[in-house]
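Some notes on the structure that comes next.
Read-outs throughout are calculated quantities, based only on the coordinates presented, and are distinct from any laboratory measurement. Everything numeric here is computed off the predicted structure, so don't read it as measured data. Quick reminder, even Gly has a Cβ in these numbers, built from the backbone with ideal geometry, and neighbours come from all protein chains shown.
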Amino acid sequence: MIEAVLFDIDNTLILFDENAFFKAYMTRLTPKFLDVFTAETFQQRLIGATRALLNNQGRISNADYYLNHFSRDMEDLKPEFWSRFENFYTTEFDQLGTMAKTVKGTHDLLKTISERGIKLVAASNPLWPLSVQMIRLAWAGVDTLPYSWITHIENSAYCKPQPKYFREICQKIGLQPEHCLMVGNDPLNDMIAGETGMKTYLTTDSQIQGYTSFSLSTQIRSNSSQPLPVPDFKGPLTGVIDVI
Ligand SMILES: [Mg+2]
């Protein structure tokens, strides 16, 4: 019996071209750091720190891991860098929402699941602070629902596609993986949850739109010699209700 449903956000609850989005994000964020770095150095540090973060093995939070990497050789500036990121996220990030489309029926689906007494978890890769996860849930029209857990950069110490990311969630919500369903669009990042014993549901809405996934995760996928995990279920987001 399913007692919790975990939802990915990007290209699961909202649909957009992740590469175009990342470019627009960089274009807006880079000027905030030009007094410290050249545009090229800033972007190399940001991408390098994000890529490194995917390897965090749980000893420190993702936020600390990310910031250690981003601020290397400049430790004194860590608090300054963090506040610049946070300031950008709380003041400007929301404007990128014009690039995101909603999936019809998302709010009703999550509300129905919650009303049945099943826990809701927002399980977007914890590369962002809570403020950004909430903004993206708002773009999907589901930010006011009662989540049992929302993974973000400060409360997580693993990233997808590490199975331990999903085990960490189970610990937080007090459920065995076998009683959880992971719903997401990514054949590796989300469907790897199956390795923990979770049931998995691969959403097809973004494929129908033809949107690409963010290149960092695509690169991990192409480096992997292992076959992709086989989802238990596959279909549109709104089909999740039929499974539970
Ligand atoms: Mg996704």
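Taking the convex hull of the Cα atoms, report for segment 65-110 its projected area averaged over all directions, in nm².
Computing the convex hull of the Cα atoms and averaging its projections yields 5.1 nm².
Using the charge dipole of the chain (Lys, Arg: +1 at Cβ; Asp, Glu: -1 at Cβ; taken about the Cα centre), state which of G97, L137, P177 has its Cα farthest towards the positive end.
Among G97, L137, P177, the one farthest towards the positive end of the dipole of the chain is P177.
On a 0 to 90° scale, report how tilted helix 130-139 is relative to the longest principal axis of the chain, with both axes built from alpha carbons and the result rounded to the nearest 10.
60 degrees
For each of V243, V142, V183, count neighbouring Cβ atoms within 10 Å of the residue's Cβ, then give the residues from fewest to most.
Ranked by crowding around the Cβ, least crowded first: V243, V142, V183.
What does the charge dipole of the chain about its Cα centre add up to, to the nearest 20 debye, if the Cβ of each Lys and Arg holds +1 and the Cβ of each Asp and Glu holds -1?
So the dipole magnitude of the chain works out to roughly 220 debye.
Please list, in order along segment 34-44, the HN-Hα scalar couplings obtained from phi with the Karplus expression 6.51 cos²θ - 1.76 cosθ + 1.60 (θ = phi - 60°), rounded to whole Hz, x for Gly and Pro.
6, 7, 10, 10, 6, 4, 5, 5, 4, 5, 5
Could you compute Rg(Cα) / (2.2 N^0.38 Å) for the chain, with N its residue count?
Here the Cα radius of gyration is 0.99 times the empirical estimate.
Using θ = phi - 60° and the Karplus curve 6.51 cos²θ - 1.76 cosθ + 1.60, what whole-Hz ³J(HN,Hα) does each residue of segment 96-105 get, with Gly and Pro shown as x?
Along segment 96-105, the couplings run 6, x, 5, 8, 9, 9, 8, 9, 4, x Hz.
Determine how many Å³ per residue the convex hull of the Cα atoms of segment 10-138 encloses. Provide the component values of the computation, followed by the final result.
On the way: hull volume 15.9 nm³, N = 129.
Considering the Cα atoms of segment 10-138, their hull volume per residue is 123 Å³.
Quick one: order F85, F233 by neighbouring beta-carbon count within 10 Å, fewest to most.
The most exposed by this proxy come first: F233, F85.
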